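S.K.: I'd like to ask you about the structure that follows.
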Amino acid sequence: MRFLPTAEQRAFIRSLDAMLTAADAPRAARAWGAGDPGPGRAVWARLAEAGVFALAVPEAYEGLGPRPVELALAFVELGRHAVPGPLVETAAAATLLAGLGDPALAKRFLPGIAAGETVATLALEGYGPYALDADTASVTLTVAGDELRVAPGHGPVRASADPARRLAVPDGGGEVLATGAHVAAATARAVDRARLATAAQALGTGLALLERTVAYVGQRSQFGVAIGSFQAVKHRLADTLIALEFTRPLVLGAALTTAPADIAAAKAAAGDAAYGAARTALQLHGAVGYTDELDLSLWLRKARPLRDAWGTPSQCRAEVLSG
């Protein structure tokens, strides 16, 4: 099984990295958390131009996919740059709508998702009552039992550990889009896609934390030398790197097989690795790591929610064992 990206995929990764660097995604994340989605919407539009959302949409509906490997690679970059918004949820919503086998329904929503014009979020029974960024989404989907609806609105927006992850409970009722056993089957595929994208995003978050911590310990001095030269610091960073690099093939392997057990294993490993990277970053940055002014906080606050989103590590491990 091949885990290394192809030349075309590496070029795609480089282009995303360059685009997100130029777009100043951290500034967009800060604005998003403060209730101003404008800069984040601008980044979203550029991602759509790059074809990121089209990767989750079948070609029959103006997409490029489904292409889970390229989607996973893209979400690693989205995590590395702390891009805000219901990115995972939009990809999962595309999978859900495409899996219903209803061409009219798919044509209604999927071309807009592929083009970046439709920002989707969703709340699925069994995964908490909240929908991420329902206040900025174009459409909020809800699934209860075997019934899929479009929520007519949402309740008050609540803060989370990550200010850029804004939560709200969708209103009940709304238009019924589909009912029946096929809704449950499509929902299961959507959860798998959400887990895969979240695992990739968590991996990118962990990599960003490690990159910034390595740079910091090379600059911060104690006893006249850089703290990065201390053996204990080197060991801590090495452990963090190993955990992240062991996670990478799990994520790419899961994207290749799309097997639920593989995806659950990747999600558990990525969540733990990202959270471990956050703990390392916070400890090695010292007191400055707690400050909101430091961009590091954007990734620090993201690691824990990503670890638990769409299935905690313990839930994912239980599914691996039962599968």
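S.K.: Hey, in the GNM for the chain with a 10 angstrom Cα cutoff, which one of G206, G289, G173 fluctuates hardest?
M.R.: Checking each option, the largest mean-square fluctuation is seen for G173.
S.K.: Grab the other residues whose beta carbon is less than 14 angstrom from that of P170, score K and R as +1, D and E as -1, and report the net.
M.R.: On the way: positive: R149, R158, R166; negative: E89, E125, D133, D135, E147, D171, E175.
Once positives and negatives cancel, what remains is -4.
S.K.: Note down the relative contact order for the chain as a percent, whole number, built from C-alpha pairs under 8 angstrom at least six residues apart. All intermediate terms of the calculation are to be shown ahead of the outcome.
M.R.: Values: 601 pairs, mean separation 54.2, N = 323.
Across the chain, relative contact order equals 17 percent.
S.K.: Over all directions, what mean area does the Cα convex hull of region 5-53 project, stated in square nanometres?
M.R.: Numbers: hull surface 14.1 nm².
With every direction weighted equally, the projected area is 3.5 nm².
S.K.: Arrange the following residues from fewest to most other Cβ atoms within 10 Å of their Cβ: H182, H81.
M.R.: Values: H182 15, H81 24.
With the fewest neighbours first, H182, H81 line up as H182, H81.
S.K.: In a GNM of the chain with a 10 Å cut-off on Cα contacts, which of V57, V225, V176 has the highest mean-square fluctuation?
M.R.: Among V57, V225, V176, the largest mean-square fluctuation in the Gaussian network model of the chain belongs to V225.
S.K.: Right, next: Given the Cα atoms of the chain, and with Rh set as the inverse mean 1/r over their pairs in the Kirkwood sense, what is Rg to Rh to two decimals? Don't skip to the end; give the middle numbers.
M.R.: Details: Rg = 19.3 Å, Rh = 19.9 Å.
Result for the chain is an Rg/Rh of 0.97.
S.K.: For K302, give me every one of the lysines with a C-alpha distance below 20 angstrom, ignoring sequence neighbours fewer than eight places off in its own chain.
M.R.: Leaving aside lysines fewer than 8 places away in the same chain, those within reach of K302 are K267.
S.K.: Ok, one more. Looking at region 2-159, what % of the alpha carbon pairs are farther apart than 19 Å?
M.R.: On the way: 6749 of 12403 pairs.
So the pairs more than 19 Å apart make up 54 percent of the total in region 2-159.
S.K.: Pick out, in residue order, every one of the GluC sites (Glu not before Pro) in region 12-63 that is DSSP loop and has at most 16 other C-beta atoms within 10 Å; say none if there are none. Kindly include the intermediate steps, with their values, before the conclusion.
M.R.: On the way: sites: E49, E59, E62; in loops: E62.
Of the GluC sites (Glu not before Pro), the ones in loops of region 12-63 whose Cβ has at most 16 other Cβ atoms within 10 Å are E62.
S.K.: Convex hull over the Cα atoms of region 197-304, averaged projected area in nm²?
M.R.: Numbers: hull surface 26.1 nm².
With the hull built on Cα positions only, its mean projection is 6.5 nm².
S.K.: In whole Hz and in residue order, list the ³J(HN,Hα) couplings for region 256-270 that follow from phi through the Karplus curve 6.51 cos²θ - 1.76 cosθ + 1.60, θ = phi - 60°; x for Gly and Pro.
M.R.: For region 256-270, the Karplus-derived couplings read 6, 8, 6, 6, x, 5, 5, 5, 4, 5, 5, 5, 5, 5, 5 Hz, x marking Gly and Pro.
S.K.: How large are Rg and Dmax for region 108-262 when calculated on the C-alpha trace, in angstrom?
M.R.: 20.9, 68
S.K.: Using a Gaussian network model of the chain whose springs link C-alpha atoms within less than 10 Å, name the residue from A255, A226, A23 with the highest mean-square fluctuation.
M.R.: Between A255, A226, A23, it is A226 that shows the largest mean-square fluctuation.
S.K.: Through the Karplus equation 6.51 cos²θ - 1.76 cosθ + 1.60, θ set to phi - 60°, convert the phi angles of region 301-311 into ³J(HN,Hα) values in whole Hz; use x for Gly and Pro.
M.R.: Using θ = phi - 60°, the values come out as 6, 7, 4, 5, x, 5, 4, 9, 5, 6, x Hz.
S.K.: Something else about it: For K107, go through the aspartates and glutamates and keep the ones whose alpha-carbon is under 14 Å away, minus same-chain ones fewer than eight residues off.
M.R.: E59, E62, E117
S.K.: I would also like to ask the following. Taking H as built 1.01 Å from N, whose amide H comes closer than 5 Å to the amide H of L122, not counting residues under 5 places away?
M.R.: Here the answer is L132, L141, since their amide H atoms fall under 5 Å of that of L122.
S.K.: Could you tally the net charge around L296, taking each other residue with its Cβ under 14 Å from the Cβ of L296, Lys/Arg +1 and Asp/Glu -1? Walk me through the numbers before you get to the answer.
M.R.: Working: positive: R30, R80, R212, R220, R279, R301, K302; negative: D162, E211, D292, E293, D295.
Around L296, the surrounding residues sum to +2.
S.K.: Under 15 Å Cα-Cα from K234, which aspartates and glutamates qualify once same-chain neighbours fewer than 8 residues away are excluded?
M.R.: E211
Throughout, read-outs are computed from the coordinates displayed, never taken from laboratory work. For clarity, every value in this text was computed on a predicted model and none was experimentally measured. Don't worry about glycine lacking a Cβ; one is built from the backbone with ideal geometry, like all the others, and counts go over all protein chains shown.
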